[in-house]
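Data first, discussion second: the structure below is written as structure tokens.
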Amino acid sequence: MAKKTTTFAPDTSPSPQEALGQSEAFLTFQERLSRVARINRPVLLIGERGTGKELAAARLHYLSERWQGPFVTLHCAALSPSLIEAELFGHEAGAFTGATRQRLGRFESAHNGTLFLDEIGNIPIETQEKILRVVEYGSFERVGSSQPIGSNVRIIGATNADLRALAARRQFRADLLDRLSFEVLFLPPLRERPEDIAFLTNHFAARMAFELGREDVPQFSHTARAALDNYPWPGNVRELKNVVERAVYRADTMLIRETDIVLDPFEAPFQPTPQASGEGAEERTAFHARPTDDTTPHTSFTQAVQAFECRLLANGLRATHYNQKKTAERLGLTYHQFRGLYRKYAERLQRQED
């Protein structure tokens with residue numbers, strides 16, 4: 001029986017990454033998420049950066065009975081400890097310096113809906129105690145007030161931290177962890193769902209081409225596919241999206257080659273000049289001294305020069321695993337000189353690559 005592709009977008013606005021996939025690991029996770037979504041209990045989402053924790057939280061909300069209520073998020077790592085309490089519970093006018101008027105907190109805003117606490121491990125212990133009270137008694141007090149306010153909120157937490165280890169070090173309340181962990185879902189990293197890499201690559205490439213106003217869908221060469229498949233993707237789906245979109249917009253044709261793929265955008269284009277002596281210089285000298293004569297009696301001087309230049313480029317790219325900047329250095333060219341030659345012989349190089 002063929003696997004079904006699961007697609008989910010929590011709203012109509014563009015999403016930084018899509019919850020897409022067809023691998024067994026991805027579909028198993030989505031099945032567990034769908035099952036617990038209908039149970040009105042807290043859920044913890046554990047996953048590496050870029051795995052789509054916020055999208056999973058939104059899916060939990062929209063599949064629950066609270067789907068018509070608000071879905072409110074708070075990124076706990078983005079706030080200082082002194083501000084998190086006021087953000088969660090709101091404050092009265094004059095509660096502290098700068099509090100000129102009453103302000104509702106996230107718990108009030110999420111009433112009858114879902115409150116998503118991203119990076120929940122960053123919440124200070126003092127604030128955790130107040131959250132525990134909300135979970136246990138369904139009420140809280142604004143900062144600067146003693147008037148209890150009722151709260152009907154489902155809490156979803158997300159983190160990449162080891163919450164049990166934090167609890168053992170008394171950096172996270174063990175009793176709060178017990179109450180929030182009705183279900184703990186682990187988002188599979190991209191390296192554990194390699195079958196989805198090609199699927200996601202095609203999706204992101206098509207989206208980027210549409211954004212650029214191109215009518216055709218980009219295609220990827222065999223070596224380009226291999227480069228994407230063999231990369232460990234520490235940044236997961238978000239990183240894959242960036243790499244694919246960057247390759248599409250930089251490519252001169254609709255065929256994406258491995259040389260168009262930049263896995264590390266922070267790699268400096270300017271390398272130090274190698275010394276005249278040493279192993280590197282010997283290797284480069286040997287590289288330049290190994291041209292292969294494939295000319296015929298009918299080959300013109302221009303054709304012979306072009307064949308030699310193309311061969312140097314091809315050998316250099318293979319020797320540097322298709323790193324263009326390193327190839328330019330190896331050939332003694334500036335990066336711009338290399339790019340000019342590369343564009344000149346792009347079709348020939350592609351024929352050799354495939």
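Projecting label points 7 angstrom from Cα along Cα→Cβ for ALA198 and THR302 puts them 4.2 nm apart. The local environment of GLU126, defined by Cβ-Cβ distances under 15 Å, has a net charge of -1 under the rule Lys, Arg +1 and Asp, Glu -1. Within region 6-188, the proportion of C-alpha pairs whose separation exceeds 19 Å stands at 58%. Each peptide in 232-245, 215-228 receives the mean, over its residues, of other Cβ atoms within 10 Å, and ordering these scores from highest gives 232-245, 215-228.
Phi angles of region 164-169 translate, via the Karplus equation with coefficients 6.51, -1.76, 1.60 and θ = phi - 60°, into HN-Hα couplings of 5, 5, 5, 5, 5, 8 Hz per residue; Gly and Pro are given as x. Among 143-149, 247-253, sorting by the average number of other beta carbon atoms lying within 10 angstrom of each residue, highest first, gives 247-253, 143-149. Once you treat every alpha carbon in region 193-260 as an equal point and sum by Debye, what is log10 I(q)/I(0) at q = 0.12, 0.22 Å⁻¹? Ignoring solvent entirely, the Cα scatterers give -0.26, -0.89.
Across region 122-139, coupling constants 3J(HN,Hα) worked out from phi with the 6.51/-1.76/1.60 Karplus curve, θ = phi - 60°, read 8, 6, x, 4, 4, 6, 4, 4, 6, 5, 4, 5, 4, 5, 7, 10, x, 8 Hz, and Gly and Pro carry x.
Read-outs throughout are calculated quantities, based only on the coordinates presented, and are distinct from any laboratory measurement. No experiment lies behind these values; they were computed from the predicted model shown. Every residue, glycine as well, gets a Cβ built from its backbone with ideal geometry; the counts of neighbours run over all protein chains shown.
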